[in-house]
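Heads up, the thing below is written out as structure tokens.
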Amino acid sequence: MSERLGGKVAFISGGARGLGASHARRLAREGARVVIGDLLQEQGRVLVAELTAELGAGRALFVPLDVTDEAAWQAARERTEAAFGPVSILVNNAGIQKLGTVLDSTLEDFDAVVKVNLNGTFLGTKAIAPSLIRAGGDSIINVSSIAGLIGLPNTVGYVAAKWAVRGITKAAALELGPHRIRVNSIHPGRIVTDLTAGLNAPIRPNQLIKEPGQPEDVSNLVAFLASDESRFSTGVEFIVDGGRYVGENIAVE
């Protein structure tokens with residue numbers, strides 16, 4: 001077990017399954033004490049039990065969390081600090097997607113996606129940043145998407161929210177920099193998880209690395225940004241997409 005993140009406390013929203021669970025496992029194995037915030041209580045507690053069996057008691061905690069509820073964020077922060085002390089790493093990971101075009105999406109579906117992906121990032125930063133300040137600063141990692149860098153069809157609410165996560169990242173980096181808090185966004189391409197299993201092929205035609213992305217590929221980047229190795233990076237986008245965003249892979253003739 002590594003102590004790369006020894007002495008740090010990491011809070012991960014949407015940490016009970018998928019990419020969030022992968023991040024929780026990786027940060028815990030790197031030495032951090034990990035708090036998993038999620039609505040999925042059974043899955044969250046199973047993950048805590050798994051990490052406790054592997055790493056020992058006092059290394060993981062589950063807290064119920066609706067990321068769209070400001071009071072729930074405040075309660076989660078209080079429970080975290082009571083158990084582990086101030087948070088030094090925040091991973092705003094919680095997200096949902098509802099497929100739909102500009103023409104056929106309902107306002108209700110659009111708002112639901114924005115509330116989780118965008119408002120959840122704002123509320124998480126607002127609630128947990130004071131804890132990072134008390135910890136003496138460290139790292140906030142906002143999970144956006146390549147949909148926050150390019151346009152994608154049939155995902156209008158998701159694209160809108162993930163672009164806006166970039167804006168929050170840059171504003172927060174400017175405002176929290178004096179407190180020694182780094183804020184960066186990460187932009188995964190299609191990663192194979194249970195949640196993406198029903199979508200179309202994970203390898204897109206213009207993806208340069210011709211194999212599916214795995215949760216560990218994203219968690220490797222999260223661990224780097226959570227560590228002191230990334231101390232000179234803030235307010236920027238980190239892409240992990242197998243080369244999909246490089247450009248159009250069609251020769252000009």
(request) About the Cα centre of segment 1-157, how large is the charge dipole given +1 on each Lys and Arg Cβ and -1 on each Asp and Glu Cβ? Please answer in debye to the nearest 20. (result) 560
(request) Please give the helix 120-135 orientation as an angle from the longest Cα principal axis of the chain, in degrees from 0 to 90, rounded to the nearest 10. (result) 40
(request) Please work out the Cα convex hull volume for segment 35-99 and give it in Å³ per residue. (result) 101
(message) Students often get this wrong, so check it: of K115/K170; K98/K170; K8/K162; K98/K162; K8/K98, which have C-alpha atoms separated by over 24 Å?
(response) K98/K170; K8/K162; K8/K98
(message) Could you report segment 13-118's accessible area per residue, 1.4 Å probe, as an integer in Å²?
(response) 44
(request) Express in Å², to the nearest 10, the accessible area of F122 obtained by rolling a 1.4 Å probe over the protein heavy atoms while all chains stay in place. (result) 110
(request) Name the residue farthest towards the positive end of the dipole of segment 96-236 from the options L176, F224, N117, assuming +1 on Cβ of Lys and Arg, -1 on Cβ of Asp and Glu, about the Cα centre. (result) L176
(request) Using only the alpha carbons, work out the radius of gyration and Dmax of the chain in angstrom. (result) 17.6, 64
(request) Report, by chain and number, residues whose modeled amide H sits under 5 Å from the one on V63, excluding near sequence neighbours (fewer than 5 apart, same chain). (result) I36, G37, D38
(message) For V240, what residues show an amide H to amide H distance below 5 Å, using hydrogens built from the backbone and excluding near sequence neighbours?
(response) H187, G189
(message) With every protein chain left in place and a probe of 1.4 Å, what is the accessible surface of E70, to the nearest 10 Å²?
(response) 80
(request) At 0.36 nm per residue, minus the direct Cα-Cα distance, what do R180 and T101 gain on full extension? Give it in nm, one decimal, please. (result) 24.4 nm
(request) Give, in nm to one decimal, the length gained when the segment between Q214 and E3 is fully stretched (0.36 nm per residue of separation minus the Cα-Cα distance). (result) 73.6 nm
(request) Take R29, R231 and sort them by solvent-accessible surface of the protein heavy atoms, 1.4 Å probe, largest at the top. (result) R231, R29
(request) With no solvent and one equal point scatterer placed on each C-alpha of segment 27-68, evaluate the Debye formula and give log10 I(q)/I(0) for q = 0.31, 0.33 Å⁻¹, two decimals. (result) -1.05, -1.13
(request) Quick one: which residues, 5 or more positions from V192 or on another chain, have an amide H under 5 Å from its amide H? H modelled 1.01 Å from N in the peptide plane, none for Pro or chain starts. (result) G213, Q214
(request) Please calculate the 1.4 Å probe accessible area of L107, with all protein chains present, and give it to the nearest 10 Å². (result) 110
(request) Please work out the Kirkwood hydrodynamic radius for segment 58-169, using every pair of different C-alpha atoms, and report it in angstroms with one decimal place. (result) 14.8
(request) For segment 9-240, give the percent of accessible area contributed by carbon and sulfur heavy atoms, probe 1.4 Å, rounded to a whole number. (result) 57
(message) Using only the alpha-carbon atoms, what does segment 122-253 span along each of its principal axes? Please give whole angstrom values in decreasing order.
(response) 53, 36, 29
(request) About the Cα centre of segment 148-240, how large is the charge dipole given +1 on each Lys and Arg Cβ and -1 on each Asp and Glu Cβ? Please answer in debye to the nearest 20. (result) 300
(message) Could you work out the percent of alpha carbon pairs in segment 1-129 separated by over 19 Å, rounded to a whole number?
(response) 47
(request) Would you rank K115, K8 by solvent-accessible area, highest first, keeping every protein chain in place and using a 1.4 Å probe? (result) K115, K8
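The values are calculated or read from the model by the stated rules, or taken from the named source; none is laboratory data. Predicted model only: the values in this text are computed from it and were never measured. With ideal geometry, Cβ positions are generated from the backbone for all residues, glycine too; neighbour counts draw on all protein chains shown. The protein model used for the area step is the full one, side chains on, heavy atoms only, and it has no ligands, DNA or RNA in it. Shrake-Rupley method; radii C 1.70, N 1.55, O 1.52, S 1.80 Å.
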